[in-house]
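Taken together, the values in this text are just the output of simple stated rules run on the coordinates, not laboratory data. Quantities reported herein were computed from a predicted structural model and do not represent experimental measurements. Here the Cβ is made from the backbone with ideal geometry for all residues, glycine too, and neighbour counts use every protein chain on show.
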Amino acid sequence: MYPFAAGLYAPRNRWYVAARSAEVGRAPMERFILNEPVVFYRTEAGDPVALDGRCPHRGYPLGKGRVEGDAVVCGYHGLRFEADGRCSHIPSQAIVPPKARVKAYPLVELWDWMWIWPGEPELADPALLPDHQALGLTDPNWIKRPPLYWTVEGRYQLLNDNLLDLTHLSVLHADTIGGGDVAATEERHEEGPGWVRSVRWISDATVTDWVRKSRGIEGAVDREIMLTFAAPGFHFGHDRYYPAGSDPATAAPMLDIRIFHAVTPATLTRCHYFASSAVDPATFELSRKYPADPASALKIFTEDVDAIGEIERLLGQAGEFDEVPLRADVHALRGRRLVEAMIRAEPPQAGDAGNAAAPHRTHGVAAT
Ligand code: FES
Ligand SMILES: [Fe+2]
């Protein structure tokens, strides 16, 4: 499905952020992940659990049931499922049929969020998770913000596309994190296995009043914006400020904001969006002032969330269309190709809403 070839949806044998830690407690919570209902809860010991959210008896949502001990009990006829997905009790009969079980998803709680593996459980390797220590997320010295969450009414790749093409900062976020020269500044590409990176060094940057006030920036500055896309749904990078005239190779930033975005497919046309940031304690003097106005920082995210929702609305009502590709799309198209290659590397799965083999859609942009 757009923007991928027909029939291609999302890679399953990958880690995705499923929830913020604080969202999962003793009450069951339903959340769609890659077009499947999943129920989340915690055991008595506090361990998070993710199970198929549909009871195999009549399909009642386990998210509407209740947690007893370490198990979830269906609210319709009372089947009880343990944390490993095994059915341990049926009120109306003594024998438990072998098929009366639900899938248990590998789930790793790391920092303030939880990573789920929607695919084959035996392939779930925690070593494939992003290195949270290297990112600064689990470093106690870094000044971190708990992740924010939005349900986005648009297919997940639209949000990945948004984060892969930062020229929109100059337009959609013109009065906050933008500045006309983001779009006008050439980006540098880097890539490796499973990731692509965009780096912009903006000399004597046009910094908005919002940036000056919220980040304590004074005087002329150089700015470096970097964002790495670790396919299929994790973006990390930085927004750094330097004294104007700095040498990019050697300068130390006076403000270093690390940025983290996680994008997870929910349904075919909806996704989950988690975002957080951290500030280097070495730039603490300026960090103290950041951000001065949390409400205006939230506006940045809602601008993106609303834009994706509007694109999805037209896709739903007016159908797919042929994009007019621009030079600025080269990076986003590399990101799309990464995800598409991950989907194609997996066998189509029963019940999967779209990973059937399909011909490649060609994107008419020449790589630079
Ligand atoms: S639908 Fe869950 S026990 Fe019947
Ligand atoms: Fe944005």
- Can you tell me the Rg and Dmax of the range 84-241, counting just the alpha carbons, in angstroms? 21.8, 76
- Message: If you average the C-alpha positions of the range 72-146 and of the range 1-70 separately, how far apart do those two centres end up, in angstrom?
- Response: 8
- Query: What's the long-distance tail for the range 16-123, i.e. % of Cα pairs beyond 23 Å?
  - Reply: 21
- Message: Just to confirm the filter: which trypsin sites (Lys or Arg not before Pro) across the range 80-149 are DSSP coil and have at most 12 other Cβ within 10 angstrom of their Cβ?
- Response: K99
- Loop sites in the range 133-190: GluC sites (Glu not before Pro), DSSP, at most 13 other Cβ within 10 Å: E186
- Task: Using only Cα atoms, tell me the angle between helix 329-344 and the longest principal axis of the chain; keep it within 0 to 90° and round to the nearest 10.
- Result: 20
- Message: Could you compute how fast the range 212-292 diffuses translationally, taking Rh as the Kirkwood radius over C-alpha pairs and applying Stokes-Einstein at 10 °C with viscosity 1.306 mPa s? Give it in µm² per second.
- Response: 113
- Item | For the range 130-344, the spread of Cα positions along each principal axis, largest first, Å | 49, 35, 35
- Message: Compute the helix-to-body angle for 294-318: its Cα long axis versus the longest principal axis of the chain, expressed 0 to 90° and rounded to tens.
- Response: 70
- Task: Report P(r) for the chain: all Cα-Cα distances, bin width 10 Å, range 0 to the bin holding the largest distance, values in whole percent.
- Result: 5, 22, 30, 23, 13, 5, 1, 0
